[in-house]
Amino acid sequence: MEELFPRFHDERETASAAVYLTEPDTVLIGDGTYFVHEVDGRVVACGGWSKRGKVYTGSGAQPGDDRVLDPATEPARVRAMFVHRDWTRRGLARAILDACVAAARAEGFRSFVLMATLPGVPLYRAYGFREVERTAIPMPDGVALAGVSMTLDFMST
């Protein structure tokens, strides 16, 4: 975050994102839908998917966040994707997305939605996600980050 975010966001936005977007997503861990790549006992990449209503971490608690989604009618969510700056461009995020798609498909989901921060848009676009709309991601401290709502139909991957 410290290296990529300043290329897309000002200092205040980067500081806010570092506080609120990097919170561990214990719901994903508890649901068993979070994946990590470790090297020598150190996490170098992580990310997951959710079968719950919350679209992204950092917004604070919202009504419906813990609601379990209906895989027949609702998309699952991609959440909390991070790759350490020393490990980018090695296919780790793609491998995590592949694991997310396989696991969500196994539970009956047919698509994903996500809220991408600007540094993540190229990865998701390259993976096959399409842009739905550009929006602002409100942080609890009042900062708004530029974001992109994206979707992926599993039938196209």
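Only one of MET150, MET139 is over 14 Å from ALA76 (Cβ atoms), among the aliphatic types (A, V, I, L, M) and buried (at least 16 other Cβ atoms within 10 Å of the Cβ); which? Give the derivation first.
Values: MET150 fails: over 14 Å from ALA76 (Cβ atoms).
Exactly one residue qualifies, and that residue is MET139.
Can you spot a residue in the stretch 127-138 that is more than 22 Å from GLU2 (Cα to Cα), in contact with a Phe, Trp or Tyr (Cβ under 8 Å, 6 or more places away or on another chain), modelled with pLDDT under 95 and of a type in the set (Phe, Trp, Tyr)?
no
Among the numbered criteria (1) in contact with a Lys or Arg (Cβ under 7 Å, 6 or more places away or on another chain); (2) closer than 13 Å to VAL78 by Cα, which single criterion is violated by GLU107?
With (1) in contact with a Lys or Arg (Cβ under 7 Å, 6 or more places away or on another chain); (2) closer than 13 Å to VAL78 by Cα applied to GLU107, the lone miss is (2).
At pLDDT 95 or above, crowded, with 20+ Cβ neighbours inside 10 Å and over 22 Å from GLU13 (Cα atoms) - does that describe any residue in the stretch 54-71?
Scanning the stretch 54-71 turns up no residue that is at pLDDT 95 or above, crowded, with 20+ Cβ neighbours inside 10 Å and over 22 Å from GLU13 (Cα atoms).
Can you tell me which residue among THR33, THR22 is modelled with pLDDT under 90, of a type in the set (Val, Ile, Thr) and closer than 27 Å to ARG67 by Cα? Before you say what the answer is, go through the steps one by one.
Working: THR33 fails: modelled with pLDDT under 90.
Just a single option satisfies the conditions, and that option is THR22.
Can you tell which of ARG125, ARG105 is charged (D, E, K, R) and either in contact (Cβ under 8 Å) with a residue 40 or more places away in the chain or at positive phi (or both)? Please lay out each step first, then the result.
Values: ARG125 fails: either in contact (Cβ under 8 Å) with a residue 40 or more places away in the chain or at positive phi (or both).
Going through ARG125, ARG105 in turn, the sole match is ARG105.
Considering (1) out of contact with any strand residue (DSSP E or B) (no Cβ under 8 Å at 6 or more places or on another chain); (2) at pLDDT below 95, say which one MET115 fails and leave the rest.
(1) is the only condition that MET115 fails.
The values are calculated or read from the model by the stated rules, or taken from the named source; none is laboratory data. In this text the structure is predicted, and so the values were computed from the model without any measurement. Heads up, the Cβs are rebuilt from the backbone with ideal geometry, glycines too, and the neighbour counts pull from every protein chain shown.
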